[in-house]
Amino acid sequence: MTTPLLNDFPELAGLSREDLEDLLNDPVYFQAVFHSLSRVKAMYQSQAELGMANESIAKHNLELQEPLYRLRAETQAAFDDAKNLEARWKDVEREQRDVYQNPQRFSPQFLLMRLKHSKTAQDDASEALASAFVLASTTDTGAGTPNGNSGKEVDDFIREFKDMRKIYHKRVIWEDRWSSGMVNWRDD
């Protein structure tokens, strides 16, 4: 007569009754017999294979981590760029509506008037800079050059004054060309 235990675990069929009782009473003996069973060995083998497969997958995921972080940062930057461009688009549309609603702001006469005003303002600004430099030179009585300004202050003044006068003279040239008919406006 076969018992259900021997049907489920045929490896135990060769054990005597005393061995089976020892198996129940001695935990160390039980563990030794249990770990020698083919099903348990197969289970541990499957567990080890799954562990190695998980480790392989984890290593692969770690290899992908840095490129994914980089891709995430690039995607975020592209998204932020798109949002900024979307906001800029709204501003451009508003400016375009303003142009269409108020076209006289861009008429040749209005633009010539703005050029003349900006030329005069640039001339006034450069002259005010020169007057302030001369005034500072006459009121300073300190170390540096004989007029009281250091060489760096003089160099800074010359550079700034030169840049301002360059802008002024460009505007004069543009106004002269305009006045002589060298500027043509298209109506498209």
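A count restricted to the range 88-124 and to residues that are under 30 Å from Glu153 (Cβ atoms) and either in contact with a helix residue (DSSP H, G or I) (Cβ under 6 Å, 6 or more places away or on another chain) or of a type outside the set (A, V, I, L, M, F, W, C) (or both) stands at 6. Does Leu115 satisfy the criteria of being surrounded by fewer than 13 Cβ atoms within 10 Å (Cβ to Cβ) and on the phi < 0 side of the Ramachandran plot? Answer is no for this residue.
Only a single criterion out of (1) outside the structural domain of Ile158 (by TED's automatic domain parsing); (2) modelled with pLDDT of 95 or more is not satisfied by Ala121, namely (1). Contact annotation: residue pairs with Cβ atoms under 9 Å, 6 or more positions apart or on different chains, pairing a residue in the range 105-120 that is without any contact (Cβ under 8 Å) to a residue 60 or more places away in the chain with a partner that is aromatic (Phe, Trp, Tyr), are Ser107/Trp185; Leu111/Trp178; Leu111/Trp185; Lys119/Tyr168; Lys119/Trp174. All conditions in (1) more than 30 Å from Trp185 (Cα to Cα); (2) at pLDDT 95 or above hold for Ser131, with the sole exception of (2).
The values are calculated or read from the model by the stated rules, or taken from the named source; none is laboratory data. Model, not experiment: these values are computed from the prediction. Because the Cβ atoms are built from the backbone with ideal geometry, glycine has one as well, and the counts that use them run over all protein chains shown.
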